[in-house]
Amino acid sequence: SSGINAEYGVGVLYVGPGQSTEVKILRNTYGSARYVEFVKELGDMIWLRRCDQGTVYVGGLDTSGHDGDYAISWRDKTTQVIFHVATLMPQNETDPTSTNKKRHIGNNFVTIVYNDSGLPYHQGTIKGQCNQCDVTIVPQPNDMNLVYLSSHKDTKLSDLKPHSKLLVSNSSLACLVRHMAVNANHLCQVSNGLTTGAMVAYNCNWLERLKKIQSILSRSITPMSSPTPPRRETMF
């Protein structure tokens, strides 16, 4: 819609009991009951085959069924987020390493990791050129969760001091994690702009669109001189 000025894709992974490898994690097609409730509260479930891409940001997901039938989308007045949820994407037996899932999740700056493995989750387990931040959730007894943000060592974000782990209830989990993911995504975009030496670290969608419109206008419109008014004869 006309009010949206930021569109983000965020990966979502479920790490099952005892899992620690990329292939096993990506091949998951379901998670625990608590994980399912968390995903449902991240946003609205949309039917990809019927979504209007003019108003709904799908973040590269195929809308003919190749990437699954459903996805999770969230929006407010200025921001729209599509969650690339690995467990909502089909696991094709002809794709044993889940390359298609990784193609989407690996192209996001931020990944939400729901770690139900009972083991530490090592950043970089899911390899991707764009992944820079993980928001990790470790479920705890009594409907509580440990949540923390971590960044890759080879990015500018590694200069940030790591946040303390937060103890968060199930009822507040999705809202907090979504907020962390959106802010981390914005920070990654700013950081990338600084890394590439851009004059402006980050432009919102409105400003980028305005610049493109001005560029098109400058190429397509030839300045025209003002018409000379006709001479009027003066009678004396």
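Can we say G18 is touching a residue at least 60 places away in the same chain (Cβ under 8 Å), within 18 Å of T136 (Cβ to Cβ) and open to solvent by less than 30 Å² (accessible area, probe 1.4 Å)? Considered against the rule, which asks whether it is touching a residue at least 60 places away in the same chain (Cβ under 8 Å), within 18 Å of T136 (Cβ to Cβ) and open to solvent by less than 30 Å² (accessible area, probe 1.4 Å), G18 comes out as no.
For beta carbons closer than 8 Å, sequence separation of 6+ or different chains, a first residue in the stretch 159-170 that is over 17 Å from P120 (Cβ atoms) and a second that is in a loop (DSSP other than H, G, I, E, B) and at pLDDT 75 or above, the qualifying pairs are S169/D143; N170/D143. Hey, can you tell me all the residues within the stretch 24-50 that are in a helix (DSSP H, G or I), of a type outside the set (F, W, Y) and open to solvent by less than 60 Å² (accessible area, probe 1.4 Å)? Selection gives I25, L26, V39, L42, L48. With a requirement of 2 or more residues that are more than 19 Å from V168 (Cβ to Cβ), the strands (runs of 3 or more DSSP E) lying completely within the stretch 77-142 that satisfy it span 79-85. Looking at the stretch 70-88 only, could you name the residues that are without any contact (Cβ under 8 Å) to a residue 60 or more places away in the chain and out of contact with any Leu (no Cβ under 8 Å at 6 or more places or on another chain)? Residues satisfying the conditions are S73, D76, L88. The set of residues in the stretch 56-71 being open to solvent by less than 60 Å² (accessible area, probe 1.4 Å) and polar (S, T, N, Q) consists of T63 alone. Candidates in the stretch 107-148 are the residues that are among the aliphatic types (A, V, I, L, M) and over 26 Å from E7 (Cα atoms); of these, the one that is most open to solvent (accessible area, probe 1.4 Å) is L119. Quick one: is I126 within 30 Å of V23 (Cα to Cα) and either among the aliphatic types (A, V, I, L, M) or modelled with pLDDT under 65 (or both)? Yes; evaluated as a whole, the condition is true for this residue. Condition check: without any contact (Cβ under 8 Å) to a residue 12 or more places away in the chain and surrounded by 14 or more Cβ atoms within 10 Å (Cβ to Cβ). Does D95 satisfy that? The answer is yes for D95.
The values are calculated or read from the model by the stated rules, or taken from the named source; none is laboratory data. Model, not experiment: these values are computed from the prediction. Because the Cβ atoms are built from the backbone with ideal geometry, glycine has one as well, and the counts that use them run over all protein chains shown. With ligands, DNA and RNA removed, areas are computed over all heavy atoms of the protein, side chains included. Shrake-Rupley method; radii C 1.70, N 1.55, O 1.52, S 1.80 Å.
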